[in-house]
Number of protein chains: 2
Amino acid sequence: MNEQTPRRSGGRAARRASRAAPLTEDLRPIRAGLEGGTYKPLTDAQIQRIHDTALDALEQIGLADAPESGVAYLTEAGAIQGEDGRIRFPRALVEDMLAKANRSVTLCSRDGQNDMELSGTRVHYGTAGAAVHMVDVTGNEYRESLLQDLHDAARIVDVLDNVHFCQRPMVARDITDNMEMDLNTVYAASCGTTKHIGTSFTEPHHVPPALEMLYMIAGGEDKFRERPFMSNSNCFVVPPMKFATESCQVMEECIKGGMPVLLLSAGMAGATAPSTVAGAIVQATAECLAGLVYVNAVKAGHPAIFGTWPFGLDLRTGAMSIGSGEQALLTAGCAQMHQFYGVPGGAAAGASDSKMPDMQAGWEQMCSNVMAGLSGLNMVYEAAGMHASLLGFCHESLILADDIIGQALRCVRGIEVDDETLALDQIKEVCMGGPGHYLGTDQTLGRMQRDHVYPIFGDRTSPKEWAENGKPDLIEKAVARKEAILGERSAARFDPVLDAEIRAKFNIHLSA
Amino acid sequence: MNEQTPRRSGGRAARRASRAAPLTEDLRPIRAGLEGGTYKPLTDAQIQRIHDTALDALEQIGLADAPESGVAYLTEAGAIQGEDGRIRFPRALVEDMLAKANRSVTLCSRDGQNDMELSGTRVHYGTAGAAVHMVDVTGNEYRESLLQDLHDAARIVDVLDNVHFCQRPMVARDITDNMEMDLNTVYAASCGTTKHIGTSFTEPHHVPPALEMLYMIAGGEDKFRERPFMSNSNCFVVPPMKFATESCQVMEECIKGGMPVLLLSAGMAGATAPSTVAGAIVQATAECLAGLVYVNAVKAGHPAIFGTWPFGLDLRTGAMSIGSGEQALLTAGCAQMHQFYGVPGGAAAGASDSKMPDMQAGWEQMCSNVMAGLSGLNMVYEAAGMHASLLGFCHESLILADDIIGQALRCVRGIEVDDETLALDQIKEVCMGGPGHYLGTDQTLGRMQRDHVYPIFGDRTSPKEWAENGKPDLIEKAVARKEAILGERSAARFDPVLDAEIRAKFNIHLSA
């Protein structure tokens, strides 16, 4: 899988490249969908044991609190409701539903230029979360996150090469009505980027009006159903092993409306999931298998992402922790389970516990991001901009994530081994009668763009040059870039006629 | 390899733990020598091709510039000197010498408490390099590195749990005489830490007096030969494919004196090695195989480390670059070659191009450090404190590396899968009639120390707590820790009688 040439991913990036950078698309060293899988924290035998234990848990423990509709779908499919009310899943049912599940989901972009094909070990990175704060790097402060911040995040994602999708990373806390918040979230994300977007609905009856808006944006219901550019992140379980009743109803609405769903199980290892990495993966796997049965009982083959998102915990304090090595292992182990089942999967990586984009943030964001990529995780959620153990979102950090993820993707691309890269002939020429170095060889010059990821913000100057350049500060560079991006007219904005139509139907809080 | 219980590593860390932390040795979640190998950037077939190409290079191209003594050793062993003066190595010779090579090297500590057993995929992290600057984080400046800085670095390494050895990371630029610089480097490192130390001699005639000092410190030549606590980092090649004449003579002296040698091939991909990752690994492998033949021709079985250290280059500027994804791949690929040959190996990871310990430094240092560990590299050199593409060393960054490497080691330890960690019984108890959470279970409490690495400097507080704590700054915390460490009396200092004896024989520049 490391020997293939990276695939072409379409014209949008190419157009952008021709504007902003010297690279044509075929020269780009990295792109969305590179294949990972060289890192395997679990052996095949260990994967099998986790699978068997998850099936045991589904058969013996099952899940409580399914909504009435869910009980009907699930028991109709073959699940068994016990006297304790819990729904239990015979092994054969799980296996049957895995056979029916959609194994190759495409998450569409609004403009068709950044579609993500989720299968195998293809890797994509993006934002996600429900932060309630914005990080103000200039003031060294935290403040409430607003709808405008969410829109700005989408606009920034739109122009970053290595952030491939924009799932809502924060909550618009300036909108108190939940319905209006959900609808404005859809609006603010959709008109900020043409990349695939994700959202999360708080109540089932918010879904139909949101779908109405999405159908308008798509140019009709059929158009949206054909190419749904938004997916719904569904916290369908309250770990351990309970369905989230309302969220299940939301999920049913999304399935009916043609929206792909992320089956999100977000247990916290040591609180709502076992504290061990293996145990937390077992429980998340069991819960997501239950979700997969549910989705396919509602509609066989509906696009769903296996969202095992176990989170870490600082057991000394009971507080959430996202930046640890344990977290990186949780996520990478989950990626192997997705591959075992052959279903598209996602998990959380790349977030930090640090409050600011400092050195801690750097090491934490890279650790789980690169391990997630190497493990071949299809969807790396929360991969950019996330701080304070998911409580804070930072635009500058999002911008710097383009470098972090770029480097991680270079690692995912791996080592190509062929006659040209092994370079025996070149070594011979250089050493025997040649110049004694490789600086100007055709091979070096010919590959200097397509083999190497050059950082945008990372500084590689010598101490002398650095001093001569006025000792540039990484964060100040990101602030300047943010201002430049947000100062431009967004390429993703809606056509004015469409925008007016939406604003006529919905109470849009974002100024036109 | 992930299922084993981490091994006990001895009393020093235990004593320190009882002083400074609540963990007894058997509870420590991580330690030196954890086994990696879950990350394999190269397939078996690719490893074989790299091996075959390296053998072709040795047979067809060979190495120039061997010293007279080396020509004698090598041709006596079966190498062939061509009319062009190059020494070529028949395959059978390389294979014979690999069979004779020492496959399980122990790098000793001075006090016997921190020995490193290099074999298989056992991972150790430490300092190394030849920086000429110190990073002054408070003044945002670079200045020349001094002997005292080197001694202070050794003292800091001595108290960091996750930095396992102290190879000289910087050059004492306040000593102009090369002989005195080499001897003072040995002194300053040796009396700063009882962990294994590494140095590098500039000329062959510096080795005998240095050995005299080391024999004094060890309490006799026999004692040093039995447990050599210092190894020599030998840049025995000038890539591409030339022996470094003087350094080879240094190596011969070290071998005679009983000092383990690091066979260091430091090609720069795109300048002194092919620009491709695979090609740079081929050349480094060929060069180190030549070095291995050399060492074993001088003395069969002499402890040697296979030091394939290919470095990255920014091809746009021709400047060294160490923080890239390409660098992380170069190093991880080399680790697989060491494992293929079954010889102890080392390479460079964990250094940054950034001038200061900022977010860039964090993401760069983590990327290659964690990938090196996961790949099972025995000796991760330059893993702590290294900035400005190896030109600058930073004490504060060294201190923070304890967190970075700690987290990387947690990832190396991996995921244990057994009945207890799979936790089916626990899930059952918690979900069916139990409390519905895992916060207070015996299993959670029983494993909260031995499963989890808690950062020392990394901040996991909520934004509210963070503000209440006065928004602590990571770098300021590291500065304070540095001052505390250096303000204490060093546990590694020499006995006063020994110290006086050394000072009577050698011109020691460090004040007593």
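The set of residues in the stretch A:21-45 that are in contact (Cβ under 8 Å) with a residue 12 or more places away in the chain and within 8 Å of chain B (Cβ to nearest Cβ) comprises A:THR38, A:TYR39, A:LYS40, A:PRO41, A:LEU42. So, in the stretch A:458-472, how many residues would count as being touching a helix residue (DSSP H, G or I) at 6+ places or on another chain (Cβ under 9 Å) and farther than 17 Å from B:ALA351 by Cα? Counting residues in the stretch A:458-472 that are touching a helix residue (DSSP H, G or I) at 6+ places or on another chain (Cβ under 9 Å) and farther than 17 Å from B:ALA351 by Cα gives 2. Of the residues in the stretch A:448-471, none is over 30 Å from B:GLU141 (Cβ atoms), in contact with a Ser or Thr (Cβ under 9 Å, 6 or more places away or on another chain) and aromatic (Phe, Trp, Tyr).
The combined condition, being over 25 Å from B:THR308 (Cα atoms) and within 14 Å of chain A (Cβ to nearest Cβ), is not fulfilled by B:ARG225. Across the stretch B:462-487, the number of residues qualifying as in contact (Cβ under 8 Å) with a residue 60 or more places away in the chain and of a type outside the set (A, V, I, L, M, F, W, C) comes to 2.
On the given criteria, is A:ARG143 of a type in the set (D, E, K, R) and under 18 Å from A:LEU486 (Cβ atoms)? Answer is yes for this residue.
A count restricted to the stretch A:369-395 and to residues that are part of a strand (DSSP E or B), at the interface with another protein chain (Cβ under 9 Å from one of its Cβ atoms) and within 14 Å of the chain's Cα centre (by Cα) stands at 0.
The residues of the stretch B:266-275 that are buried (at least 24 other Cβ atoms within 10 Å of the Cβ) and either touching a residue at least 60 places away in the same chain (Cβ under 8 Å) or part of a loop (DSSP other than H, G, I, E, B) (or both), listed by number, are B:GLY267, B:ALA269, B:GLY270, B:THR272, B:PRO274, B:SER275. Take B:ALA328 and tell me if it is buried (at least 24 other Cβ atoms within 10 Å of the Cβ) and under 24 Å from B:VAL123 (Cα atoms). The answer is yes for B:ALA328. Looking across the stretch B:431-466 at every residue that is touching a Gly at 6+ places or on another chain (Cβ under 9 Å) and more than 7 Å from chain A (Cβ to nearest Cβ), the one that is farthest from B:CYS411 (Cα to Cα) is identified as B:THR441. Please find, among B:ALA280, B:ALA304, the residue that is of a type in the set (Gly, Ala, Ser), at pLDDT 95 or above and either closer than 26 Å to A:THR421 by Cα or over 21 Å from the mean Cα position of the chain (by Cα) (or both). Result: B:ALA280 is the single residue among B:ALA280, B:ALA304 that is of a type in the set (Gly, Ala, Ser), at pLDDT 95 or above and either closer than 26 Å to A:THR421 by Cα or over 21 Å from the mean Cα position of the chain (by Cα) (or both). Scanning the stretch B:65-80 for residues that are of a type in the set (S, T, N, Q) and farther than 20 Å from B:VAL238 by Cβ yields a single hit, B:THR75. Do we find that A:VAL412 is within 25 Å of B:ALA335 (Cα to Cα), more than 7 Å from chain B (Cβ to nearest Cβ) and of a type in the set (A, V, I, L, M) in this structure? In short, yes. Among the residues making up the stretch A:55-99, a single one is within 14 Å of another protein chain (Cβ to nearest Cβ) and either closer than 30 Å to B:MET371 by Cα or polar (S, T, N, Q) (or both): A:GLN60.
Output yes when any residue across the stretch B:417-435 is of a type in the set (Lys, Arg) and either under 24 Å from A:GLY392 (Cβ atoms) or touching a residue at least 24 places away in the same chain (Cβ under 8 Å) (or both), and no when none is. Looking for residues that are of a type in the set (Lys, Arg) and either under 24 Å from A:GLY392 (Cβ atoms) or touching a residue at least 24 places away in the same chain (Cβ under 8 Å) (or both), one finds none in the stretch B:417-435, hence no.
The values are calculated or read from the model by the stated rules, or taken from the named source; none is laboratory data. All values reported here derive from a predicted model rather than from experimental measurement. Cβ coordinates were reconstructed from backbone atoms using ideal geometry, including for glycine residues, and neighbour counts include every protein chain displayed.
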